[in-house]
Amino acid sequence: MEHDGLRSVTTDQLEQDFVADERLIGRLRARQAIRLAELDTRQVHHADGCRTMAEWVSSRADLSAHTAKRLVAVTKRMVDRPDVLGSLAAGDVSFERAEQVVRTTHTIGDVAHLDISGICRLVAKEIRLTRVAEQDAHAARFLTLQPNLDQSVWKLWGQLAGLDGAVVQDALFGRADTFPTESQDDSRATRNADALVSIAQDSLTTSGTRTTTPVDGDRPTSVADLVVFVDTRYSSNGYVPAGPIVGPNTIDELICTGAGIDLVALGPDGETLNVGHRSPKIPRRLRRTVMGRDDGCAVDGCNSRYRLQVHHRVHWADGGPTDADNLVTLCWFHHHVVIHQRGFTINPDSPRQRLRLQRPDRAPPNH
């Protein structure tokens with residue numbers, strides 16, 4: 001072993017080798033950052049159905065979620081700091097120092113006299129705000145929600161005072177960080193919208209001091225036990241009485257999760273053609289069995305435990321049975337966003353607990 005051969009090496013040489021190895025790690029990290037930035041530009045995680053670039057890195061490089069998220073965050077900052085990236089690539093600074101410097105507006109030279117802890121203590125200049133300005137900002141707060149006529153689209157806009165806005169932003173960003181990173185198809189605004197919906201769902205299913213993560217079956221009464229009218233005069237669209245218009249993707253999701261909805265078919269003249277339960281209610285014991293077996297979202301690289309749901313690998317409407325072999329646990333993002341809204345499907349050749357997702361063929365759903 002190499003360790004045995006080091007006994008004859010001087011302590012000074014060991015120290016030099018140790019420091020040189022750290023610089024080598026920094027150069028390799030710089031190389032990774034350059035390539036990771038290009039991969040992020042190509043949105044490879046989006047193509048593979050991963051929630052975030054960090055999730056893709058964790059899956060492909062076999063890294064912990066913490067390490068992958070840290071590496072992605074540093075890469076994004078270094079793209080705008082070629083001076084720091086160049087110093088790291090040249091081996092002039094350690095990865096830790098480069099990681100902290102890109103969090104500031106300072107150059108490598110500006111903070112050369114500080115250790116890593118000293119760089120971390122750098123803070124932004126204080127912004128003075130008067131009491132009157134704070135009171136005016138608070139008084140001007142508002143939030144407006146406006147649906148269109150059929151409630152198929154809602155618009156929201158408003159204004160909040162400084163700290164209140166920061167609280168809302170932190171809540172949205174914190175939740176949105178579990179969703180896809182910015183891209184042409186999935187901007188920060190898009191992820192914020194998903195985050196707002198998921199937080200609202202939590203408020204409907206969590207009460208009192210309960211802090212457990214909502215799971216499939218703990219749905220709000222506004223979603224469970226719905227009556228959805230499917231009007232044959234308008235293709236596969238449906239609607240909830242005194243509620244929103246729903247399309248085939250939403251109906252598919254409600255049926256898949258066993259929400260207990262009743263589908264009422266209407267004929268050419270608006271008459272009732274059929275009334276009946278079309279959604280298979282997944283027994284609580286079976287749901288718990290599947291979730292216990294999978295122990296979290298079964299998509300490869302996903303470590304989310306948010307709003308875990310049971311999904312039919314072969315859709316129930318396509319003849320897939322409601323049994324353990326055809327059921328799999330997915331997080332809210334992979335189930336609601338990736339599969340039922342974006343149209344991804346599960347690769348049937350992937351292992352049960354390392355599922356890979358396939359891009360949709362963009363063909364319209366068959367109902």
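If I take R0 = 22 Å and measure r between the Cβ atoms of Thr41 and Thr67 in this structure, what FRET efficiency does the formula 1/(1 + (r/R0)^6) give, to the nearest 0.05?
For Thr41 and Thr67, the calculated efficiency is 0.55.
Multiplying the sequence separation of Arg359 and Ala20 by 0.36 nm and subtracting their Cα-Cα distance, what value in nm do you get?
117.6 nm
What ³J(HN,Hα) values, in whole Hz, does the Karplus curve 6.51 cos²θ - 1.76 cosθ + 1.60 give for the stretch 351-360 when θ = phi - 60°, with x put for Gly and Pro?
Taking θ as phi minus 60°, the curve returns x, 4, 9, 9, 5, 10, 9, 10, 5, x Hz for the stretch 351-360.
Between Gln159 and Arg293, what is the spin-label point distance in nm, taking each point 7 Å from the Cα along the Cα→C-beta axis?
Computed distance between label sites Gln159 and Arg293 equals 5.6 nm.
Need the full-extension length gain, Asp325 to Asp92, defined as separation in residues times 0.36 nm minus the C-alpha distance. One decimal, nm.
Additional length available on full extension: 78.4 nm.
Measuring from a point 7 Å past the Cα of Asp115 along Cα-to-C-beta, which residues in the stretch 82-99 have an amide N at less than 17 Å?
Residues 94-98 qualify, since their backbone N sits under 17 Å from the label point.
Name the long-range amide H neighbours of Leu355: under 5 Å, sequence gap of 5 or more, or other chain; modelled H, no Pro or chain starts.
So Leu355 has HN proximity to Val299, Asp300.
Set the Förster distance to 41 Å, then compute FRET efficiency between Val132 and Asp83 from the Cβ-Cβ distance, nearest 0.05.
Efficiency, rounded to the nearest 0.05: 0.45.
Mind listing the phi-derived Karplus ³J(HN,Hα) values for the stretch 108-113, rounded to whole Hz, using 6.51, -1.76 and 1.60 with θ = phi - 60°, and x for any glycine or proline?
Values per residue, Gly and Pro as x: 4, x, 4, 10, 5, 7 Hz.
Enumerate the calculated ³J(HN,Hα) couplings along the stretch 331-336 in order (Karplus 6.51 cos²θ - 1.76 cosθ + 1.60, θ = phi - 60°), each rounded to whole Hz, writing x wherever the residue is Gly or Pro.
6, 4, 5, 5, 7, 6
Quick note: the coordinates plus some simple rules give every number you see, no bench work behind them. In this text, all values refer to a predicted model and were calculated from it rather than measured experimentally. Because the Cβ atoms are built from the backbone with ideal geometry, glycine has one as well, and the counts that use them run over all protein chains shown.
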